[in-house]
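Bear in mind these aren't lab numbers, they're just calculated from the coordinates by the rules spelled out. Note that the structure is predicted; figures quoted are calculated from it, not measured. When we count neighbours, we look across all protein chains shown, and the Cβ atoms used for this are built from the backbone with ideal geometry, even at glycine.
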Amino acid sequence: MKKGAFIDWHNPDERGCTILHMVAKAGKLDSLEALLELKADINAMNNRKTTALHLACRKGHLDIVKTLLQAKADPTIRNKKGTAIDEARADSKSAKIANLRANIISAFGDVDK
């Protein structure tokens, strides 16, 4: 994202995705931090009830997950596949899953219970 660029997170695309969804999925930490500074809706859900945290977990972007959790993203929001932890479990890299789960539990307790 370029400095001074117009960002419209209030008007999602046809799938309901906001710019926050897109940068979380892409792993763009600088852009994510800028959007959070501008008070983008951290728990915005697309048409499938998926949040930026779900997407970051699905893609294994640990730095994005940590940043979202520190900014108070809600890990208990469920989409069709479940919580953000469930999205992390869909990834076959077990170390990545363990790290994501540990970050979520340390921030919010065990949301799977």
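Worth a mention:
- The label-point distance for ASP30 and SER106, in a model that sets each label 7 Å from Cα toward Cβ, rounds to 2.6 nm.
- Put in line by how crowded their Cβ is, counting other Cβ atoms within 10 Å and starting with the fewest, LEU38, LEU68 read LEU38, LEU68.
- Cβ-Cβ FRET estimate between ASP13 and ASN79, R0 fixed at 25 Å, reported to 0.05: 0.90
- In this rough spin-label picture, where each label sits 7 Å from Cα along the Cβ direction, the ASP41-LYS72 distance is 1.6 nm.
- Sequence of GLU87, GLU33 once ranked by neighbouring C-beta atoms within 10 Å, starting from the fewest: GLU33, GLU87
- Taking the number of Cβ atoms within 10 Å of each Cβ as an exposure proxy, the fewest-first ranking of HIS61, HIS54 is HIS61, HIS54.
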